[in-house]
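Accompanying notes for the structure given below.
Where a number appears in this text, it was derived from the coordinates with a stated rule and is not lab data. Remember, it's a predicted structure, so these values are computed and weren't measured experimentally. Cβ: placed from backbone, ideal geometry, glycine included. Neighbour counts: every protein chain shown.
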Amino acid sequence: MKLIICIVIFIPLLFFTSCNGGSTNQKLLESNYNSEQYSTMFTISENRKVVTISYPEHKTLHIVFGAFGSKNFEQNDTIFITSLPKKVVCTSTTFLGFLKVINETSSIVGFQNKKLVFDSVIYDKLLQNQIVDVSTPEGINNELLISMQPDIVFMTYSPGNDKTATIQRLKNNGIIVIQIPDWLEQHPLGRMEWIQFFSLFYDKYDVAKQYSDSVISSYNDVKLKSMTKSFTPKVMIGLSFNDQWFVPSGNGYFGTLLQDAGFIYPFQNKKSTQSISLSKEDVLSQCYDADIWLNVTTATSLKEVELIERLAPQFKSFQQKNVFNYTKKLLPRGANDFWEMGVVEPHLVLKDLEWIASGQYMNQQTTYYKKLQ
C-alpha cells in the first residue's frame, strides 16, 4: 500500500514539473547570479543550473541545466538541457579551444570549414569524415546538419538577420542552436571565461573554473611585470584594406592587450565596441615614428608586408625591422593556432607582447608571435 501511495503522489508531481513546470522553471530563472570577473556577455547562477547570455539587441537567452524532461527543448527565450551532449557541431575555431581544455572534443561531430582547424587530431578526423565539414560556399549545409541530428549546434553569433532562416530551419527540425557572442567581449580574460560557459554542458564547471582562475592569475602577473619597465615603445597595428586602415579600439580586446603589455598606443583613447576605420594618411601621421609594428594579417616576411602595403618603408618600425606577427603557428592552408588556442591562452599572448615591448629579443621562446625577417 505504501508503494502505491508513493507512486500516486510522485506521478502528478513529475507531470506538473515537466509539463506545466511554471513555478519550478521560474524559481530556476530567478536564481541569484554570480557575475563573471571579466565577461560581460554571460552570467552563471550560483547553483550553476542557469546561464544567461546577453546579446547586443537587448535580448537574453536562458539555458537551464538538469531540468525535468526526456529531450532537450526550447521554450520562448529558454533552452532546457536535460543530458550531456554526445553530438555537437561547432562553427568557430575558438570553440574547439574551449572544448580541448576541458577534454570534450570527442563530442564534436561537425565543424564549419575544416581548412581553418589547426589541431592535427581534429583535422585528421575531418579528413577521415569522422567529423563532418558542414560548410558550403554559401555558409552551412542545412540538409547535412539536419540529417546528422546533433544535440547542439554552437554557432558564432552574427548581428542582423543573415542566419535567421538557417537557425529557424534547424530549430524546426528539433535541433538546439545556441549563438555564441564570445568575440564581442572587450577584455581578453572575458573572452577566455567562455570556457566556463561550455563546461556547464559537460558538467565540468570545476575544471573550467580552476583553469580560468589560473589563467587570470598568470595574466595579471605578466601585466604587473610590464608596469615595471622603463621603456614604453610606441606601437602601430595592422595593414590597410581598400584604402582603409582598421585598428583596434583602445577599450577593446586587442587595445586592452596592448595597454597591459606596456605599449604606447596612439589610438588608446578611441573607444568603440568594434574596430576603428582610418585613412592611410591618418595612420601615417600618427604612427610614422612607431617603434613596433604588430599584426600584419597573414604576412610571414617583411617583403610580403611591403607587397601588401606600399607605404611600409615610410614607417620607422619597418625601417628598423621591428615587425612582429601572430603567425608562428600558421599553417599553409590558413589555419592559425592564434585563433584556436590563443583566445583560451590570453596570458601567453600577453607574455609574447610583453616580450616584444621589452625590446630584448634574445633567448625568448614565444608561443604565437614571431619577428619577421
Sites Gln259 and Ile308 - FRET efficiency at Förster radius 30 Å, r taken between beta-carbons, to 0.05: 0.65
Label-point gap, in nm, between Gln360 and Leu84 - each point 7 angstrom along Cα→Cβ: 4.6
Among Leu189, Leu61, Leu96: highest mean-square fluctuation, GNM of the chain, C-alpha pairs under 10 Å: Leu61
Debye intensity ratio in log₁₀ form over the Cα atoms of the stretch 166-266, taken at each q of 0.12 Å⁻¹: -0.62
Share, in percent, of DSSP beta bridges within the chain that are antiparallel, nearest 5: 50
Magnitude of the charge dipole, the chain, Cβ model with Lys/Arg +1 and Asp/Glu -1, debye to 20: 380
The chain, helix-only ellipticity at 222 nm - DSSP H runs n ≥ 4, -39,500 (n - 2.57), divided by all residues, nearest 500: -10000 deg cm²/dmol
Distance from the stretch 331-373 to the stretch 93-124 (C-alpha centre basis), Å: 21
Viscosity 0.890 mPa s, temperature 25 °C, Stokes-Einstein D of the stretch 229-371 from Kirkwood C-alpha radius, µm²/s: 160
Scattering curve values for the chain, log₁₀ I(q)/I(0), Debye with Cα scatterers, q = 0.09, 0.10, 0.12 Å⁻¹: -0.59, -0.71, -0.98
